[in-house]
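Undergrad: To start, I am sharing the structure in question, which I have written as structure tokens.
Coordinate-derived values only; no laboratory data. In this text, all values refer to a predicted model and were calculated from it rather than measured experimentally. Cβ: placed from backbone, ideal geometry, glycine included. Neighbour counts: every protein chain shown.
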Amino acid sequence: MQKNHKPQGFAIVTHGGVGEPLAYTDGCARAARGGHDKFRETGDPLDAAVAAVTVFEEDERFNAGTGSVLGLDGATIEMDASIMDTRGRLGAVATVRNVRNPVVLARAVADTPHVLLAGEGAERFARAIGLPPSRPILERQREKHRKLLEELAGSVPVMPGIDNRLFERFWNYKTPLQLPASKSCDTVGAVVRAPDGHFAVAGSTGGSSPSLLGRVGDTAIVGAGFYAGTAGAVAATGIGEHIVRHMLARAVYGWIEEGMPLQQALQRGIALFDKDVDVGLIAVSRHEAGACANKNMPTARIEE
Ligand code: GLY
């Protein structure tokens with residue numbers, strides 16, 4: 001185990017979600033540049049992380065903000081997002097609807113007396129502080145939903161370990177479930193190290209697909225999908241129901257804090273999961289920056 005001392009320079013790592021095509025790496029690079037530009041402007045790694053994730057939320061290819069997956073009713077979008085840094089700022093939103101940039105809302109929650117706002121209250125807070133509503137649902141989102149319904153009708157579990165029929169059994173929408181591909185569990189995220197040793201993390205997701213109304217994944221749960229402390233910052237992506245069981249981001253952070261090389265800590269985190277459970281991680285520590293996943297995961301990195 002190595003002990004870290006003086007931090008190195010600026011670093012940002014972004015990811016576009018485990019299971020997403022590597023062809024989307026350009027979007028991750030754009031997000032990293034957006035974060036880097038913001039850091040040059042304000043010198044705050046949290047601003048950088050939020051700016052990077054906002055770039056993802058504006059890119060309809062990713063399951064966050066504008067590109068979020070539709071709920072099983074084919075009409076509802078519920079999103080989770082979060083931020084955390086070493087200055088004690090912590091904020092998250094869960095199952096929020098009709099907000100264009102949930103990560104900006106999560107950042108605003110950190111300035112309230114609370115750390116997590118959910119549902120209608122989160123949406124009302126967004127309106128109160130003047131955040132814009134979501135953009136209209138796109139044809140690519142509807143097409144993804146059609147494919148998902150086809151897959152749910154098949155015998156291959158869309159969510160590993162879960163019988164597809166359970167979604168029908170526990171259906172909680174008013175509209176009928178018409179089972180006549182494409183699961184999603186992706187998150188987007190960014191981790192940032194400032195040269196002064198401060199760290200920040202931000203993440204955003206349209207949630208998993210399929211999911212019941214009101215479902216919350218790892219992205220809104222501190223220690224599960226995200227964590228930042230004085231030794232670094234970690235963000236996870238994958239099926240939230242599996243990630244929360246391991247408190248993955250906090251577990252990986254703990255190993256980094258103990259002095260484990262960053263890549264080894266990331267690999268150890270990924271090894272906690274069965275191979276059919278998609279999971280990915282990004283992290284920065286005082287001296288290192290990296291990413292690891294058990295499936296394709298577009299990422300980008302800038303280090304100075
Ligand atoms: N990792 C995103 C989710 O499960 O909601």
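Undergrad: Using +1 at the Cβ of each Lys and Arg and -1 at the Cβ of each Asp and Glu in region 112-260, identify which of Ser155, His114, Gly229 lies farthest towards the dipole's positive end.
TA: In region 112-260, that residue is Ser155.
Undergrad: While we're looking at this one, here's another question. Mind ranking 14-25, 140-151 by how tightly packed they are, going by the mean number of other C-beta atoms within 10 angstrom, highest first?
TA: 14-25, 140-151
Undergrad: For Arg135 paired with Arg245, estimate the spin-label separation in nm (one decimal), with each label point 7 Å from Cα along the Cα-to-Cβ line.
TA: 3.7 nm
Undergrad: Using the Kirkwood radius built from alpha carbon pairs, what does the Stokes-Einstein equation give as D for region 172-304 at 25 °C and 0.890 mPa s, in µm² per second?
TA: Answer, rounded: 161 µm²/s.
Undergrad: With viscosity set to 0.890 mPa s at 25 °C, what whole-number translational diffusion coefficient in µm²/s follows for the chain from Stokes-Einstein and a Kirkwood radius over Cα pairs? Intermediate values should be presented prior to the final figure.
TA: Values: Rh = 18.7 Å.
Result for D is 131 µm²/s.
Undergrad: Mind pulling the per residue volume of the convex hull built on the Cα atoms of region 214-274? Å³ is fine.
TA: Roughly 66 Å³ of hull volume per residue.
Undergrad: Measuring from centroid to centroid over Cα atoms, what is the spacing of region 29-51 and region 232-297 in Å?
TA: 22 Å
Undergrad: Please compute the net charge surrounding Gly161, taking Lys and Arg as +1 and Asp and Glu as -1 over other residues with Cβ under 10 Å from its Cβ.
TA: -4
Undergrad: Still on this structure: Using a simple spin-label model with points 7 Å from Cα along the Cα→Cβ vector, what separation in nm is obtained for Lys295 and Arg127?
TA: Calculated label separation equals 3.7 nm.
Undergrad: Scaled to the compact-protein estimate 2.2 N^0.38 Å, what is the alpha-carbon radius of gyration of region 1-81, rounded to two decimal places?
TA: Region 1-81 yields a ratio of 1.33.
Undergrad: Determine, for each peptide in 43-53, 250-260, the mean count of other beta carbons within 10 angstrom over its residues, then list the peptides with the highest first.
TA: Put in order of decreasing packing, that is 43-53, 250-260.
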